[in-house]
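*Asks:* Take this structure first; my questions come after.
No value in this document is a laboratory result; all are computed from the given coordinates. Everything numeric here is computed off the predicted structure, so don't read it as measured data. Every residue, glycine as well, gets a Cβ built from its backbone with ideal geometry; the counts of neighbours run over all protein chains shown.
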Amino acid sequence: MLSAQGSMSTRTLEATLAQIHAEVQPLFGRGKVADYIPALAQVPSQQFGMAVALVDGTTCSVGDAHVPFSLQSITKLFAFVMALKTVGDALWLRVGREPSGAAFNSMVQLETEHGIPRNPFINAGALVVTDILTTRYAHLDYALLGALRRLTDDPDLTWNMRIAKSERENAHRNMALAYFMKSYGNFVNPPELVLDNYCRQCATEMSCAQLAQATMFLANDGLDIGRNGAPGEQFLAADEARRVNALMLTCGAYDAAGDFAYRIGLPVKTGVGGGIVAIAPGRGTVAVWSPELDAKGNSVLGAFALERLVQLGWSARLKSDA
């Protein structure tokens, strides 16, 4: 199913998404659904959704774009933004800004770099971010959920308790990362409490359409566009939005970040739930989801779909259609 809304002509975008939807079909079976979290292993694999949201309010979607899925590491993006808003540049005293070049759950660099994670998007960095927010918020899980509900205009947005429980029961490596960083003095709260918050955060569910909407502020100089007659909210300062996009470009796809930057050329954040969100600054956002992952934990169909979207020149052609 393909759907579109907006004030500008969407014929080009509709045709482009329909073409991509057809092209991804032969790729099913080339990846594997994440199984280290047992609840995620039960997600039907042959699903694909894609949604585009433009800064002028135009939206277009195809396939399973309105099916909720587990955001997993994509929520690291929102937690990072929340920490940046909360503590500012003090964040960089505890987390780096460099690509890791290692797997998202690697412990190797932490010892040589004295418990300071390379960036906020690997697991170690995300745990430090969650530790910072756990200190600032008595109920971090609901504080983050409140921000996401505002960005999606969905008061019922929540996390999947079954997935959160499954993830928490199997969070052995993340717990090890937390205690290892605590041994270097880079962890304040009890790791058990931080892991509780972290696993609920990762189990947040959104659809592609919601995810594209929720990240609009990153394409629009920090401004979340108004909807249904409501004014927009300056969710993040413009210079901070630019810096977040820079980190997404260099660090947002785990140890495949360089490959994504070369093939797609847009800031992205991926998750092992099969979702990917991409930002086209000044133009809009793209969210794709398909649960089958490659060896580095990124969606096979999602990465292909994003690459095809930029190859087909969607933003330039839409501009000429306006």
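*Asks:* Can you run the Rg to Rh ratio on region 11-66? Use alpha carbon positions and the Kirkwood inverse-distance Rh.
*Replies:* 1.08
*Asks:* Hey, how much of the P(r) for the chain falls beyond 36 Å, as a percent of Cα pairs?
*Replies:* I get 12 percent for the Cα pairs in the chain exceeding 36 Å.
*Asks:* Something else now. Could I have the simple spin-label model distance between GLU192 and ARG162, label points 7 Å from Cα toward Cβ, reported in nm to one decimal?
*Replies:* The modelled label-to-label distance comes out at 2.7 nm.
*Asks:* Mean shadow of region 1-125, computed from the convex hull of its alpha carbons, in nm²?
*Replies:* 10.7 nm²
*Asks:* Could you tell me what % of all Cα pairs in region 73-202 have separations over 24 Å?
*Replies:* That tail contains 22 percent of the Cα-Cα pairs.
*Asks:* Hey, another quick one. Over region 73-202, what relative contact order in percent results from Cα pairs under 8 Å that are six or more residues apart?
*Replies:* Computed value for region 73-202: 30 percent relative contact order.
*Asks:* Based solely on its DSSP helices, what 222 nm [θ] is calculated for the chain when runs of n ≥ 4 H residues each add -39,500 (n - 2.57) and the sum is averaged over all residues, nearest 500 deg cm²/dmol?
*Replies:* -13500 deg cm²/dmol
*Asks:* Over what distance in Å are the Cα centres of region 192-207 and region 132-189 separated?
*Replies:* When both Cα centres are located, 4 Å separates them.
*Asks:* Report the relative contact order of the chain, percent, no decimals, based on alpha-carbon pairs under 8 angstrom and at least 6 residues apart.
*Replies:* Worked out over the chain, it gives 27 percent.
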